[in-house]
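The values are calculated or read from the model by the stated rules, or taken from the named source; none is laboratory data. None of these values were measured; they are calculated from a predicted model. Neighbour counts run over all protein chains shown; Cβ positions are idealised from the backbone, glycine included. Accessible surface is based on the protein model in full, side chains and every heavy atom, while ligands, DNA and RNA are left aside. Shrake-Rupley method; radii C 1.70, N 1.55, O 1.52, S 1.80 Å.
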Amino acid sequence: MEQYIINGGKPLRGIVDIYGAKNAALAIIPAAVLTEEPVIINNLPDVSDINILLDAIAQIGATVERINRHKVRIVGAGVHTHQVDFDYISKIRASYYLLGVLLGRFHEAEVAMPGGCSIGARPIDQHIKGFEALGAQVTISNGTIQAKAEKLEGNHIYFDVVSVGATINIMLAAVMAEGNTIIENPAKEPHVVDLANMLNSMGARIRGAGTDVIRIRGVQKLHKTEYTVIPDQIEAGTFMFAAAITKGEVTVTNVIPKHLESITSKLVDIGCDVEEFDEAVIVHGCEELQATQVKTLPYPGFPTDMQPQISVALALARGTSTVTESLFENRFKYVAELARMGARIKVENNTAIISGVKGLSGAHIAAPDLRAGAALVLAALSADGTSTVDDIHYIQRGYEEFDEKLRALGADIRKVQVEENKKGEIKAV
Ligand code: EPZ
């Protein structure tokens, strides 16, 4: 397995370019097989979740041609099955978007139950409610979800909770349904809007993505397109917090500053200075961060995917902060790791109470999930001494060249191959 070795204490300085949004691309790749015509996708991040999904659509018969590391050409004409039950696909959450796509295209789909980062129970009742409203019968058995419809008909759907996944899945299933679909209380995340824009470029008629009501007028067919994925809001936010946590100064380029507003606003609250440009932001760290209160919320609120990163900053801030996680019940697993680096954090129900300390010290830690893993790397970069970070495969699910990009900013971070011996001790190989 691979591990990072980090010698902390160096402020990060320089410029970092942000890649395409993983969570937008995870919706846009399956959308490409809603048509038989070629679809070219630019600005794809080269991360493991994306590569697994590309393999999955190839396995069901799509032609997938990697034009270069960040550009792919997909032709869905050869898709010959509505069943996706490979073991590996269930490891990624976005596997369930194939349900919306295959149901939309063939009126029948059978997909392995989704996995993903273990950050909570992650029910799919809203997806099922939406498919049923469109006329599908949905059953779950033997670890797969089956959805089947004589025909799909538009309907009025009200989501009881704001869900990115359910909004995307119902958009995918409804674009070619007969008549009009209205989705109320949808997610408004930038990647929901990006998917709507991509589908519209294929001939779909979707209005209102990014607002409180999405209206979809069903079309009979979608056609070819070439589409560029938006920059990754969370990758950008992670590097913005890297500047704050290491007391450095980082210019984060190829971003849409509007998507970063809640992140920028919290950085300013805790004492950083943030300059905004058309496609870049510069974060100037400060000598002493200040405590604040944070609650994660659906967009445009503070993203749950940035919760561990801000908690690391607050672990180093003057005073006592609270961080309330309102989306996922299991997103504080990194707290025990941070405590081993000297952080003072107490978790009560869904709130972390953080008493800031002057500094952290290096330790042997492990990434519990994708964003928490990235946040622990930032903690190690600020810490005194050497840290080793295990289970970095989680980080590689969503951050392309994370260590390379950090090194280019002056971080002392190495990726090494290690093997675990029978006693559970780890040694470099
Ligand atoms: C997406 O997950 C992202 N994943 C997550 O990214 C992100 O944390 C999350 O949205 C919130 O922004 C992808 O886009 C692939 P939800 P998703 O459905 O769609 C509840 C990352 O690190 N809910 O918006 O699974 C649910 O339990 C990650 O990149 C229901 O109750 O999230 C949660 O409390 C991990 N019933 C809330 O809604 C449902 O049917 C939001 O979940 C669906 C969701």
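With the requirement that a residue be out of contact with any strand residue (DSSP E or B) (no Cβ under 8 Å at 6 or more places or on another chain) and closer than 17 Å to MET113 by Cβ, what does segment 129-151 give you? Walk me through how you get there before you give the answer.
Our first condition is that a residue be out of contact with any strand residue (DSSP E or B) (no Cβ under 8 Å at 6 or more places or on another chain); within segment 129-151, this holds for 141-142, 150.
SER141, ASN142 - these are the residues of segment 129-151 that are out of contact with any strand residue (DSSP E or B) (no Cβ under 8 Å at 6 or more places or on another chain) and closer than 17 Å to MET113 by Cβ.
Restricting attention to segment 1-39, report how many residues are open to solvent by 40 Å² or more (accessible area, probe 1.4 Å) and within 13 Å of the chain's Cα centre (by Cα).
First, pick out the residues of segment 1-39 that are open to solvent by 40 Å² or more (accessible area, probe 1.4 Å): 1-2, 7, 9-11, 13, 15, 17, 19, 23, 36-38.
Subset that is within 13 Å of the chain's Cα centre (by Cα): 19, 23.
Counting residues in segment 1-39 that are open to solvent by 40 Å² or more (accessible area, probe 1.4 Å) and within 13 Å of the chain's Cα centre (by Cα) gives 2.
When residues in segment 151-160 are screened for being within 16 Å of the ligand (Cβ to nearest atom) and touching a helix residue (DSSP H, G or I) at 6+ places or on another chain (Cβ under 6 Å), 2 of them pass.
Within segment 240-279, being within 23 Å of LYS188 (Cα to Cα), open to solvent by less than 20 Å² (accessible area, probe 1.4 Å) and touching a strand residue (DSSP E or B) at 6+ places or on another chain (Cβ under 7 Å) holds for MET240, VAL255, PRO257, LEU260, THR264, LEU267.
Scanning segment 50-69 turns up no residue that is open to solvent by less than 50 Å² (accessible area, probe 1.4 Å), away from the ligand (no atom under 13 Å from the Cβ) and in contact with an Asp or Glu (Cβ under 7 Å, 6 or more places away or on another chain).
Please specify each residue of segment 153-164 satisfying the condition of being surrounded by 23 or more Cβ atoms within 10 Å (Cβ to Cβ) and part of a loop (DSSP other than H, G, I, E, B).
In the first step, residues of segment 153-164 are kept if they are surrounded by 23 or more Cβ atoms within 10 Å (Cβ to Cβ); the result is 157, 163.
Across segment 153-164, the qualifying residue is only SER163.
Total residues in segment 366-403 satisfying the condition of being acidic (Asp, Glu), open to solvent by 10 Å² or more (accessible area, probe 1.4 Å) and closer than 13 Å to TYR334 by Cα: the figure is 2. It is to be established whether one or more residues within segment 6-13 are assigned to a helix (DSSP H, G or I) and in contact (Cβ under 8 Å) with a residue 12 or more places away in the chain. Looking through segment 6-13, none of the residues is assigned to a helix (DSSP H, G or I) and in contact (Cβ under 8 Å) with a residue 12 or more places away in the chain.
Take LYS148 and tell me if it is of a type in the set (Lys, Arg), within 16 Å of the ligand (Cβ to nearest atom) and more than 21 Å from the chain's Cα centre (by Cα). Explain how you work it out, then say what you get.
Values: of a type in the set (Lys, Arg): yes; within 16 Å of the ligand (Cβ to nearest atom): no; more than 21 Å from the chain's Cα centre (by Cα): yes.
No, not satisfied.
Taken over segment 316-332, the residue count meeting the criterion of being among the hydrophobic types (A, V, I, L, M, F, W, C) and within 18 Å of PRO368 (Cα to Cα) is 3. Scanning segment 186-233 for residues that are β-branched (Val, Ile, Thr), open to solvent by less than 10 Å² (accessible area, probe 1.4 Å) and within 15 Å of the ligand (Cβ to nearest atom) yields VAL192, ILE214, VAL229.
What are the residues in segment 165-190 that are in contact (Cβ under 8 Å) with a residue 40 or more places away in the chain and part of a strand (DSSP E or B), if any? Explain how you work it out, then say what you get.
The initial filter retains those residues of segment 165-190 that are in contact (Cβ under 8 Å) with a residue 40 or more places away in the chain, namely 165-178, 181, 183, 187-190.
Selection gives GLU178, THR181, ILE183.
If the condition is being assigned to a helix (DSSP H, G or I) and polar (S, T, N, Q), then segment 78-101 contributes SER90, SER95. Please enumerate the residues belonging to segment 333-350 that are farther than 13 Å from ALA375 by Cα and under 22 Å from the mean Cα position of the chain (by Cα). Listed by number, the list holds a single entry, ASN350.
Which one of these is open to solvent by 40 Å² or more (accessible area, probe 1.4 Å), more than 7 Å from the ligand (Cβ to nearest atom) and of a type in the set (Val, Ile, Thr): THR167, THR139, THR181? Outline the logic, then answer.
On the way: THR167 fails: open to solvent by 40 Å² or more (accessible area, probe 1.4 Å); THR181 fails: open to solvent by 40 Å² or more (accessible area, probe 1.4 Å).
Only one candidate passes the filter, namely THR139.
Can we say LYS358 is in the same structural domain as PHE239 (by TED's automatic domain parsing), more than 15 Å from the ligand (Cβ to nearest atom), in a strand (DSSP E or B) and of a type in the set (D, E, K, R)? No; evaluated as a whole, the condition is false for this residue.
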